Amino acid sequence: MNIELLTLTEVTAISGQEGDITATLVQHPRYVDTDKCIACGLCAEKCPKKVPDEYNEGLGKRKAIYVPYSQAVPLKYTIDPNNCLYLTKERCGLCETVCPSHAINYLDQKKEITLNVGSVVLSTGFKSFDPSGLDHLSFGKHPDIVTSMGFERVLSATGPQGGHLVLPSDKKHKKEPKKIAWLQCVGSRDENRSKNSYCSSVCCMYAVKQSVMAMDHSKAPLDCAIFYMDMRTQGKDFDTYLEKAKDNGVRFVRSRVHTVMPDPHKGNLVMTYVDELGALKTEYFDMVVLSTGLEISADSFALATGMGIELDASNFINTNSFNPVSTSMPGIYACGVFTGPKDIPQSVMEASAAAAAATEGLAVSRNTLTKAVVKPKEREVAEDAPKIGVFVCNCGTNIGGIVDIPAVAAYAAELPGVVYVEENLFTCSQDTQDKMVEVIRNKGLNRIVVAACTPKTHEELFRETLIDAGLNKYLIEMANIRNQDSWVHSDEPEKATTKAKDLVRMAVAKAFRLAPLFETQLPVSPSALVVGGGIAGMTAALSLSRQGYPVTLVEKNQHMGGNGRQLCKTWKNEEIAPFVKGLIADIEADGQIQTLLGATVESVEGFVGNFKTTVTSVDKTQLIDHGVALIATGAVESKPTEYAYGQHKAVMTLLELDALFMEKDTRLEKAMEVVFIQCVGSRDKEHPYCSKVCCTHAIKSAMAFKKKNPDTGVYVLYRDIRTYGQRETLYREARKAGILFFQYDLDSKPVVTPGENRVSVEFTDTILGRRLCVDADILCLSARIDARDNTHLSQAFKVTADSAGWLLEAHQKLRPVDFATDGVFLCGMSHYPKPVDESIAQAKAAAARALTVLSRNSINVGGIVAQIDPERCAGCGGCVEVCSYNAITMDPEREVAVVNDALCKGCGACAATCPSEAPSLMGFNNDQLYAQIKSALAV
Amino acid sequence: MTIKRITFVQEMLKFMGLEGRLHLEWISSAEAQKFARVVTDFTEKITHLGPSPIAGQTRSISMEPHENKRRKHEYHKAG
Amino acid sequence: MNITKQVEQLLKQGDVDIFLAYRELDGHLIPHGYTLDNLEDLENLKVSQHRYSLEKVATHLTEKKPNLKIGIVARDCNQRALNLLYTWNQLSPENITPLMVNCCPSQTRNHSDCTYLEPKKTGTFKQKKGIDFNENPREFMDNNDNGQRFSRWMYEFSKCIKCYGCRNICPVCFCTDCSLENPDLVEPGALPPEIPIFHLVRATHMAGRCIDCGLCEDACPAEIPLRFLYREMNRIVSDVFDYTPGAGLEKSPFTIIGNEVTLEPRPMDA
Amino acid sequence: MDKNINTPANPQGAVMVVGGGIAGMQAALDIANSGFYVYLVEKSPAIGGKMAQLDKTFPTNDCAM
């Protein structure tokens, strides 16, 4: 409610400075009144004009009046002024005639809007690279050559083919492909044809996903082949997914594609490519998917340059590693693909980080412009006999066109407990809501049934209505006679009416037994605990402090800085040591941050908003009250067990090499031959994950040798070079500088033999087909990064880790910094190996997520939660085990289970498990559910 | 876990002679077609299996709780 | 040392407050709690093939006096029941002292697993009309088709007089409030209880708990082959969950979520 | 760091987010939920961005909607 959505709106100008920015915007006309439109769809049904549908990448059609897709927010129709017959030729006007709520307004004008804001966040995203310009790929010349986005729509159930994997060229939607090829790096890593020299980061992974999904969709065996240069699956769990795809039979072909052409004789597509050994090959496919890269649109470019923001050579916003969401203009922040190609979790992380950064300077004005609700007093109805009001919705013609609403209403009136029945055209419309409030008051209704659509979208709305009418908001039950009835039985109106009656009868039976539920408010302790004093922990602590909240920072070691102390430079050549020193100085100077060195978390009690944590350090033990906790315990470089590590002084890890650089060791000057081996201990059977940072780190170190002395022989032995995103520029520079790259596989690992002063490294060059040998002065191993042992901490905070030890976020895509446990957040390498900039982004993100808790005065607990009847409880602990949220504990005194309202999410797992029905989920208790079931069967 | 629980009940029903009357399928909210297909297939399958042999045995349940009704039970004699 | 001496010693040393075993009275063995106050009863302590769920008595005693130290004469089935009750927090191992005795009816081995002993022989009536108690559940599956299995079970269940004997004797039934007495689920006063729901609900609740002592079948006046039914349940639990109730101190798999699933949902035609 | 010395004493308690894709929506929600008013500006008729076009997302194969 504190977000004002301005659609069809563009920013035209910006002025002022951080804290006081004036933005001028122009809002284009929608030609549909959003207050009146009820998204019934009649207009689009009647609209005669068909247009290629951009949502379906042009593979389907939409009308000139449309919603972009069925789950769109706001779910309001829009007229496309370039295609509407009325707006272009003053003909037609059908939509105005059929609209039941008179929402069409052809006279709508564009509006100028001026906003005063404290800061701006840019998140305009990307556009997919358009491969039409690439002659050799024949895109646009054959319908079965699609872009990756197009293929998403092909697979999607809401797509133009209804989720059936059939060839777009077959208009009957019958012919299924038997062979599909994916072409990687279309419009990425390609300076010659596309100008996009960077790696788009996400295409490898989405191609793997699409191939797996395609196999899943296909009834017959499907041959899926991915043509690639390097598989860049560096994210969390990505390599595991890749290996699974290989096991499922997806072919991965390391190659360069020459051409894709329609074969006029066979009717399918012929592809020519050069394989790993340099041989030219030809293969036929039914369908080719172009894994198109991400790029910045002309609009975004104009927007940023108009604001005076610096962009890099590829039009991404220039950021530095230490401020990954700040632009060159103070007060303007950016996130998502606008700052560089990245995947969904990274975008979500950056978005939260930008939220933290954009509000740091505005902290003193917190809650000055936000609105809070004033609620009328609640009427006591718990003891009253049920007086049920039933509101039956026509939903325009959505329900009323199929179901006999008057019959359903008449039927409802006869049901026990029902004292009032009303039919509405649109129960959810504002005027009906107002009337409902009045009816509830005047008729003294105390239980409400709304027979309309799904509670998923509308229950909250009706709960608000109940609150306005002075009723407890849990006294409503919805019967979904639209999605579950009129929509699915549109060809059987009589049966649909019978089913609607059944659904209403069930809802009334439940409403009869509804009891008011109450929420209690618990105050939030406005402070945070941060565990881990590395770059991530310190960044998060500073961010929270600048937002005005005290922080306790717990560090296990006697000094702050973590891994940051051992790192030399970022890939953008920024010195890390001064930055870490600066962070430590800021922390020490910050009066709101209490640092505890040599300290560990002993135990944690409480829950979101009210944690009580015992922290022990050498000399003392203290109890800390805090509202949120952030875990940033980092990770550690492993010690290799192969390649003569520890047996010869020439063999070292990346961090050990960094130490030599920082000490300016003379060995570096003398080194004539330097070899790097990648993936040491990573991406094998025991440790299937990629350590993500080593490719970039190794190439950066390799470049340092070349810069010192261009005659040094530098060799990098790799499996896939994973310089994702703009890091690709570093890889390109390295190749230009003459660093030699050799690819090896797990079954042909390099062989290291220690010599007197040097170690000899033997490996295969696939292109020459020969074994080569280098006597290396320095052999640097890119050792796997290991998770730290967080067992104790995980138990204390009730959070989990995966099998490799990385802490497990609530959702890998959409909640990358939250734990499943409320009020606890994670950031930095404890989540997964990551470079400095991503650690900082995640740290700020964790701070932003923590702020959403801290900035509240209180949290509401209760409502739909489980309660355990101590009389029935046998104390077996079954419910404790099934509770995913650790909300149930055993009361040692009474030996019964007890639910903590603040932790309970109301999932009902406990109620389903207990054989003696001791737990009941409020609002869904057994009495109510049995009544509903019995009512369903009572015909 | 759900798979295990359902497998258990499926096995139990099989032992009881009520095989094939329970089915588990994962369907996302975006897979309307799949939902329709699965429900249609299952309905067909159940129709093919015929009415539940228990149906004749259960008493009709009324709206009023705790109502006592005595019903004579019929059962198939073992063959 | 004979068992009477052992019990006497346990009581006198204060290792246990009460010892649960059997006592001969008028030629019958009845369950009895031996304490320091009735040491003279010890001369009538007998161990034979008679069985009773003494651990159920222990559960009830613990409910009233949580720290009571209880000794218990235990065969293999009792030990399994105890293990199960430990995992379900009904008893705690530190308060229980089991005294292992020979299994029924084995005289030669002092630790034989009665699970593998033959169930009791049944009369001709059952073999003709009902399910043979001695039949192997797997063979029962093979020898009878769907409809036959169903009608046999419906026949067995229809004999039920709802005495709750199976539940009352069951050593691992400890719920304070039993679903089978919930009037919303089981209609009070109706006989037989809704078939087959009544017995299937109980079977479901026994899954992951039944330790195969067979007391339910012994107790059933209607001679319903309950052990036969629960043995099949146990077979499924062990196949699907890799869990044998009472075999150790592992938690029942029914209460553990999020563990790795290697199963796939079955296709519809399976 | 991100601190700006020129920030006025009473800054505006509102933030403008330009672009309503997954990043813009997340930023808007986090800002609004931490006590600031948000204007979420979107060029097209509906928010959702590119992610709304995706079918499933790895590794969980969740629906992207």
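Beyond 57 Å, what share of the Cα-Cα pairs of chain A is found? Please give it as a whole percent. Roughly 18 percent, once rounded to a whole number.
Applying 1/(1 + (r/R0)^6) with R0 = 25 Å to the Cβ-Cβ distance of A:Ser297 and A:Thr259 gives a FRET efficiency near 0.30. Calculated mean residue ellipticity, 222 nm, chain A: -8000 deg cm²/dmol, from DSSP H runs (n ≥ 4) at -39500 (n - 2.57) each, averaged per residue and rounded to 500. Counting only the backbone N, which residues of segment A:1-19 are under 16 Å from the spot 7 Å out from the Cα of A:Glu112 toward its beta-carbon? Of the residues in segment A:1-19, A:10-15 have backbone N under 16 Å from the label point off A:Glu112. When the residues A:Met662, C:Met206 are ordered by accessible surface, computed with a 1.4 Å probe over the protein chains alone, the sequence from largest down reads A:Met662, C:Met206.
Straight-distance candidates among the aspartates and glutamates for linking to A:Lys649, with alpha-carbon spacing under 17 Å and chain neighbours fewer than 8 residues away dropped: A:Asp658, A:Glu663, A:Asp665, A:Glu669, A:Glu673, A:Glu756, A:Asp775, A:Asp777. With all protein chains kept in place, the per residue accessible area of segment C:124-245 amounts to 36 square angstrom at a probe of 1.4 angstrom. As a ratio to 2.2 N^0.38 Å, the alpha-carbon radius of gyration computed for segment A:698-844 takes the value 1.37.
Burial of accessible area (probe 1.4 Å, heavy atoms of protein chains only) in segment A:140-165, relative to its chain alone, reaches at least 40 Å² for A:Met149, A:Glu152, A:Ala157. Over segment D:14-63, the fraction of Cα-Cα pairs per 5 Å bin, rounded to whole percents and listed from the shortest bin up, is 5, 21, 24, 19, 14, 11, 6, 0. Put B:His48, A:His164, A:His687 in order of accessible area, highest first, and with a 1.4 Å probe you get B:His48, A:His164, A:His687. When the alpha carbon gyration tensor of segment A:521-584 is reduced to an equivalent ellipsoid, its three semi-axes come out at 27, 13, 8 angstrom, largest first. Over all distinct Cα-Cα pairs of segment A:127-295, the Kirkwood formula returns a hydrodynamic radius of 16.1 Å.
Taking every DSSP bridge with both residues inside segment C:3-100, close to 50 percent are antiparallel. The Cα atoms of segment C:124-245 define a convex hull whose projected area, averaged across directions, is 7.8 nm².
Semi-axes of the equivalent ellipsoid for segment A:801-851, computed as √(5λ) from the eigenvalues of its C-alpha gyration tensor and ordered from largest down, come to 15, 15, 8 Å. The antiparallel fraction among DSSP beta bridges confined to chain A stands at about 55%. To the nearest ten degrees, helix A:238-247 and the longest principal axis of the Cα atoms of chain A are 90 degrees apart. Length gained on full extension, A:Leu517 to A:Thr889: 131.7 nm, using 0.36 nm per residue less the C-alpha separation. Solvent-accessible surface of protein heavy atoms, probed at 1.4 angstrom with all chains present, puts A:Val73, A:Val374, A:Val899 in the order A:Val374, A:Val73, A:Val899, largest first. Per atom type, the protein assembly as shown shows carbon and sulfur on 51% of its accessible surface, probed at 1.4 Å. For segment A:638-784, the Cα-based Rg and Dmax, in that order, read 14.1, 41 Å. Computed on the Cα trace of segment A:237-302, the radius of gyration divided by the Kirkwood hydrodynamic radius gives Rg/Rh = 1.11. Within the assembled protein chains, the solvent-accessible surface assigned to A:Arg815 is about 100 Å², based on a 1.4 Å probe. In degrees from 0 to 90, rounded to the nearest 10, what is the angle of the helix A:203-217 Cα long axis to the longest principal axis of chain A? Around 50 degrees separate the two axes.
Each principal axis of the Cα cloud of segment A:865-921 was evaluated for its coordinate range; sorted largest first, these ranges are 24, 21, 16 Å. Here the label points at A:Ala279 and A:Gln592, each 7 Å from Cα along the C-beta direction, are separated by 6.6 nm in the simple model.
Helix A:694-708 and the longest principal axis of the C-alpha atoms of chain A enclose an angle of approximately 40°. Residues in segment B:1-50 average 53 Å² of solvent-accessible surface per residue, probe 1.4 Å, ligands and nucleic acids excluded.
Working from Cα pairs under 8 Å separated by at least six residues, relative contact order for chain A is 10 percent. Would you kindly calculate the translational diffusion coefficient of segment A:262-348, applying Stokes-Einstein with the Kirkwood radius from alpha carbon pairs, for 10 °C and a viscosity of 1.306 mPa s, and quote it in µm² s⁻¹ without decimals? Calculated translational D: 97 µm²/s.
At R0 = 35 Å, how high is the FRET efficiency between C:Asn143 and C:Leu25 if r is their beta carbon distance? Nearest 0.05 is fine. FRET efficiency, C:Asn143 to C:Leu25: 0.20. Within segment A:602-632, which residues have the backbone N less than 14 Å from the label spot 7 Å out from A:Gln795 along Cα→beta-carbon, could you tell me? Under 14 Å, as judged by backbone N against the label point of A:Gln795, lie A:602-604 of segment A:602-632. Calculate the FRET efficiency for A:Glu574 and A:Val51 from the Cβ-Cβ distance with a Förster distance of 56 Å, rounded to the nearest 0.05. Approximately 0.70, to the nearest 0.05. Taken along the Cα-to-beta-carbon direction at a fixed 7 Å, the label points for A:Glu871 and C:Gln9 span 4.8 nm.
Each 5 Å bin from 0 upward holds the following percent of the Cα-Cα pairs of segment A:29-109: 3, 17, 29, 27, 18, 6, 1. Using a probe of 1.4 Å on the protein chains alone, the accessible area found for A:Phe611 is around 10 Å².
The values are calculated or read from the model by the stated rules, or taken from the named source; none is laboratory data. Remember, it's a predicted structure, so these values are computed and weren't measured experimentally. Quick reminder, even Gly has a Cβ in these numbers, built from the backbone with ideal geometry, and neighbours come from all protein chains shown. Ligands, DNA and RNA are excluded from the accessible area calculation, which covers all protein heavy atoms including side chains. Shrake-Rupley method; radii C 1.70, N 1.55, O 1.52, S 1.80 Å.
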